[in-house]
Structures are given as C-alpha cells and as structure tokens.
1. Search segment 111-162 for residues being among the charged types (D, E, K, R) and part of a helix (DSSP H, G or I), and hand back the single one that is nearest to R86 (Cα to Cα).
2. Determine whether P76 is under 12 Å from the mean Cα position of the chain (by Cα) and surrounded by 10 or more Cβ atoms within 10 Å (Cβ to Cβ).
3. Cβ-Cβ distance below 6 Å, separation of 6 or more or different chains: which pairs start in segment 6-22 with a residue that is surrounded by fewer than 12 Cβ atoms within 10 Å (Cβ to Cβ) and end on one that is of a type in the set (D, E, K, R) and part of a helix (DSSP H, G or I)?
4. Please count how many residues of segment 79-102 are buried (at least 24 other Cβ atoms within 10 Å of the Cβ) and hydroxyl-bearing (S, T, Y).
5. For segment 19-62, how many residues meet the condition of being modelled with pLDDT under 90 and of a type outside the set (K, R)?
6. Can you tell which of L104, L113, L88, L62 is under 16 Å from L136 (Cα atoms) and touching a residue at least 40 places away in the same chain (Cβ under 8 Å)?
Amino acid sequence: VIESRRGIRQRLQRHRSECGEENIQIINPPTIPCLRMTRRLVGSFSLGWGHVHQWFGDAVGLTGDWREAGPVFAVPYRTLTGVANRNLLCAGRCMSADKTVWDLTRAIPTCVLTGSAAGTAAAMSAGETNGDAQALCVERLQSLLHEQGCLLDPELVKPLDA
C-alpha cells in the first residue's frame, strides 16, 4: 500500500512538471493498492516469451495472448510448484513466469487454467504423496485434467502457419 501511494505521488509530480501546472490535485485516490506486478513464485522452470509455441511434457494446459491472435503457450506443471517448499502450488499471476509473459498469467483464462491444475494437483498430492506436489505423477494429473476438459494437445501449440 505504501509503495502504491508513493507511486501515485510520483506520477502526480511528474504530471505537474510535464503540464506546467503546480495546482493539479488528486480528487479521488484509489482505496486499494495500485500494483499490477508484485511477487511471483520462483519455480524450477520459469515461463517466458521464448517459450511461445513450445510443448512441454509436463504441460497442464494451454493459454494464449489475449492481446493478439496467434501466440499459444503450454503451461508446464513446474511453473506451479515451489522449489523450496515441496507442498507449495500456486496459480495465476503468482506462477513462475518472467515479466515478458506476466500480463498473460494475470488474465482470467490463465488464472482459471492454472487454478484448476493447481487445485487438482493439490487434491491428488494430499491423497497420494502426503502433500508433496513435486512427487506427484504428472501423467496421472494430465489424464485427470484431460478428463475434466482441459486441452492438452501438442498440435494446438504449433503456430498456425506450421
């Protein structure tokens, strides 16, 4: 919250100097923090723009770039699991991804996809591996996700012109 307020004040000062108006005031400041990118998981794999149209053997779903047609990403299970904490799973904007694809991870479709995968993996881990998400059989997870309607087809990741 403090960082958000500091950012608002900095933007106000910048706007005042750019416009040459010292009397510009904020009338209705936001009541919640104005932060779009804060923290993320550091997993054993970090998804980035360089992974567009690339299939991963541990993929738990596919997502695209909502800003443009064409780019498709397979989301590896490794981006949802913690390294230091074997029982940690995360989803959405917190998954292990770099800033080049962060806007994709915070969009609702990717949050739904990763939330479903992380939730299913958590339930399976609780029953099968004593909570150890890293010891989970990814093939069984993929099979269950596929039964639930998740698209897990390497052909769907390929570029349209391929």
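1. For segment 111-162, the residue satisfying everything is E128.
2. For P76, the condition - under 12 Å from the mean Cα position of the chain (by Cα) and surrounded by 10 or more Cβ atoms within 10 Å (Cβ to Cβ) - is met.
3. Close Cβ pairs (under 6 Å, with a partner that is of a type in the set (D, E, K, R) and part of a helix (DSSP H, G or I)) amount to E22/R16.
4. So the answer is 2.
5. Summing the residues that are modelled with pLDDT under 90 and of a type outside the set (K, R) in segment 19-62 gives 23.
6. Only one candidate passes the filter, namely L88.
The values are calculated or read from the model by the stated rules, or taken from the named source; none is laboratory data. Predicted model, so just to flag it, every value in this text is computed and none were measured. When we count neighbours, we look across all protein chains shown, and the Cβ atoms used for this are built from the backbone with ideal geometry, even at glycine.
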